[in-house]
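> Quick one: the structure is below, and I'll ask about it shortly.
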Amino acid sequence: MGPGTFTGKDGVRRLLEWDVGLSPTLTSQEEGVGIVAKGTVGFRAHRVEQTAEGIPISYPCLSVFEVNEAGKIQHVRSYYDKLGIMHDIASKYPGVKGWFFRKMVNTLVAQGEKGLKR
């Protein structure tokens with residue numbers, strides 16, 4: 001989710017408005033195990049599809065929800081490979097700006113994979 005802590009209906013509304021403004025084409029479909037819940041914690045495995053600067057991207061995501069005893073959401077965290085997403089966007093980005101973007105992202109990916117044998 002967005003950076004920071006959002007409390008109450010107004011806080012959550014601001015977060016959702018920010019998210020929709022940032023990703024107006026975003027869609028999400030259940031994937032893998034879908035929704036799993038146990039006690040006050042649940043998670044959702046899903047695939048996100050959206051357009052970033054006119055470039056279509058698709059990536060897996062895991063969202064974790066914690067609820068209180070009244071069933072109200074207390075915490076939501078989403079996990080996804082942000083560097084992998086940037087790598088995907090950079091690989092499709094046109095022109096000189098795309099070339100610089102690819103160089104930057106590829107350098108970061110190489111640093112992250114240092115010592116990893118494929």
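The values are calculated or read from the model by the stated rules, or taken from the named source; none is laboratory data. If you're wondering where the values come from, they're calculated on a predicted model, not measured in any experiment. Cβ coordinates were reconstructed from backbone atoms using ideal geometry, including for glycine residues, and neighbour counts include every protein chain displayed.
> Residue pairs, Cβ under 7 Å, 6 or more apart or interchain, first in segment 66-89 and under 20 Å from V105 (Cβ atoms), second aromatic (F, W, Y). List them.
Y80/Y59; D81/Y59; G84/Y59; I85/Y59
> Go through the residues of segment 86-100 one by one and say whether even a single one is among the charged types (D, E, K, R), surrounded by fewer than 13 Cβ atoms within 10 Å (Cβ to Cβ), at pLDDT 85 or above and part of a helix (DSSP H, G or I).
Checked segment 86-100: at least one residue is among the charged types (D, E, K, R), surrounded by fewer than 13 Cβ atoms within 10 Å (Cβ to Cβ), at pLDDT 85 or above and part of a helix (DSSP H, G or I).
> Tally up the residues in segment 34-55 that are surrounded by 10 or more Cβ atoms within 10 Å (Cβ to Cβ), more than 13 Å from the chain's Cα centre (by Cα), in a strand (DSSP E or B) and modelled with pLDDT of 90 or more, please.
6
> Continuing with the same structure: Taking segment 58-79 only, how many residues are among the aromatic types (F, W, Y) and surrounded by 13 or more Cβ atoms within 10 Å (Cβ to Cβ)?
Qualifying residue count, segment 58-79: 2.
> Kindly check whether there is at least one residue in segment 61-72 that is among the aromatic types (F, W, Y) and assigned to a strand (DSSP E or B).
Within segment 61-72, one or more residues are among the aromatic types (F, W, Y) and assigned to a strand (DSSP E or B).
> Could we say that S78 is within 30 Å of G112 (Cα to Cα), out of contact with any Lys or Arg (no Cβ under 6 Å at 6 or more places or on another chain) and modelled with pLDDT of 90 or more here?
no
> Which one is modelled with the highest pLDDT, of the residues in segment 101-118 that are β-branched (V, I, T) and in contact with a helix residue (DSSP H, G or I) (Cβ under 7 Å, 6 or more places away or on another chain)?
Here the residue is V105.
> Does P60 satisfy the criteria of being in contact with a strand residue (DSSP E or B) (Cβ under 6 Å, 6 or more places away or on another chain), under 30 Å from G95 (Cβ atoms) and of a type outside the set (D, E)?
yes
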